[in-house]
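Step one of this worksheet: look at the structure below.
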Amino acid sequence: MTHPFVHLHKVGLTYAGADSGAGTAALEQCTLGVAKGEFVAVVGPSGCGKSSLMKLVTGLVPPSEGSIEVAGREVDGPLKIVGMAFQNPTLLPWRSTLANVMLPLEIVEPHRSRLRSDKAAYVAKAQRLLATVGLTGFDDKPPYQLSGGMQQRASLCRSLIHEPELLMLDEPFGALDAFTREELWAVLQDVWLQQRFTCILVTHDLREAVFLADRVLVMSNRPGRIVSDHTVPLPRPRTLATTFEKDFVDITQRLREEISLVRQGKSPVPVHEVAA
């Protein structure tokens, strides 16, 4: 990977301790590269620094050491080219579904400056996104009238409305039941196949990682670093039937075994070096 779209080089992050005490090292010597338009999933044991990685890439927190570049520029603050979705949809209860989806347009330039004059076009765009995820007819509904899965669909639309070059997903389906979660895997895959944005997904669900990603990165125990890098050679589009195929099961099982080793403080064998 000659010029990764997202590039972390020997990144460390230490959170300051209380009353000037010893801090907590979340990441150490963390190096990874993500190509433009690639879908990468990050997995690992709880507390390994996956969410800290998200904050670093988006510029919400600065690294304690190392360097981070996105789209060829060093990250020195919050990025405007990023869309984000989290485990909880965090929709504003006093706004309709459509108004929630359009919220980034009120904040991110150049959309903010154009919103008043081009509002009809932006509304139509938001409605098309809602239709893509199966929410036609729900644009005027408040969040409390939507199921959990429907709220997460709306949250996904909100993260994409301003056409981000990079989408960061932090356990976006973790709070949903298994059937809804698997349904939304297909929804997200369809949207990604249409738009081909760069995507980094943090998840504990190994099946989810293999279903959605081009590559799956495994992190060590805290302080986190990338200890293995797996290409997922399964053709797209993937379906739920894919999850029962031997290649899918084999990749998922290998990831499970590696994470088991990581939890024991051992390194996966063999270790696949990632691009420096």
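The values are calculated or read from the model by the stated rules, or taken from the named source; none is laboratory data. Remember, it's a predicted structure, so these values are computed and weren't measured experimentally. Don't worry about glycine lacking a Cβ; one is built from the backbone with ideal geometry, like all the others, and counts go over all protein chains shown.
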Give the residues of the stretch 20-29 that are surrounded by fewer than 24 Cβ atoms within 10 Å (Cβ to Cβ) and outside any helix (DSSP H, G or I), sorted by residue number. G21, A22, G23, T24, A25, E28, Q29
Boolean, L32 is in contact with a strand residue (DSSP E or B) (Cβ under 9 Å, 6 or more places away or on another chain), closer than 22 Å to D214 by Cβ and assigned to a loop (DSSP other than H, G, I, E, B): no
Among the candidates L167, L156, L135, residue that is of a type in the set (A, V, I, L, M, F, W, C) and either on the phi > 0 side of the Ramachandran plot or over 16 Å from the mean Cα position of the chain (by Cα) (or both): L135
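Residue by residue, here is whether (1) assigned to a helix (DSSP H, G or I); (2) polar (S, T, N, Q); (3) at pLDDT below 95 holds:
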| residue | (1), (2), (3) |
| --- | --- |
| R222 | no, no, yes |
| S228 | no, yes, yes |
| R238 | no, no, no |
| T243 | yes, yes, no |
| D247 | yes, no, no |
| T252 | yes, yes, no |
| L261 | yes, no, yes |
Which numbered condition in (1) within 27 Å of S155 (Cβ to Cβ); (2) among the small types (G, A, S); (3) touching a Ser or Thr at 6+ places or on another chain (Cβ under 7 Å); (4) modelled with pLDDT under 90 is the only one that A26 fails? (4)
What are the residues in the stretch 211-247 that are surrounded by 19 or more Cβ atoms within 10 Å (Cβ to Cβ), without any contact (Cβ under 8 Å) to a residue 60 or more places away in the chain and either touching a Phe, Trp or Tyr at 6+ places or on another chain (Cβ under 8 Å) or among the small types (G, A, S) (or both), if any? F211, S228
Sort through R153, R128 and tell me the only one that's in a helix (DSSP H, G or I), surrounded by fewer than 20 Cβ atoms within 10 Å (Cβ to Cβ), among the basic types (K, R) and not assigned by TED's automatic domain parsing to the domain that holds L212. R128
Exactly one of R181, R153 is within 12 Å of V133 (Cβ to Cβ), of a type outside the set (A, V, I, L, M) and free of Cβ contacts under 8 Å to residues at least 60 places away in the same chain, and that one is R153
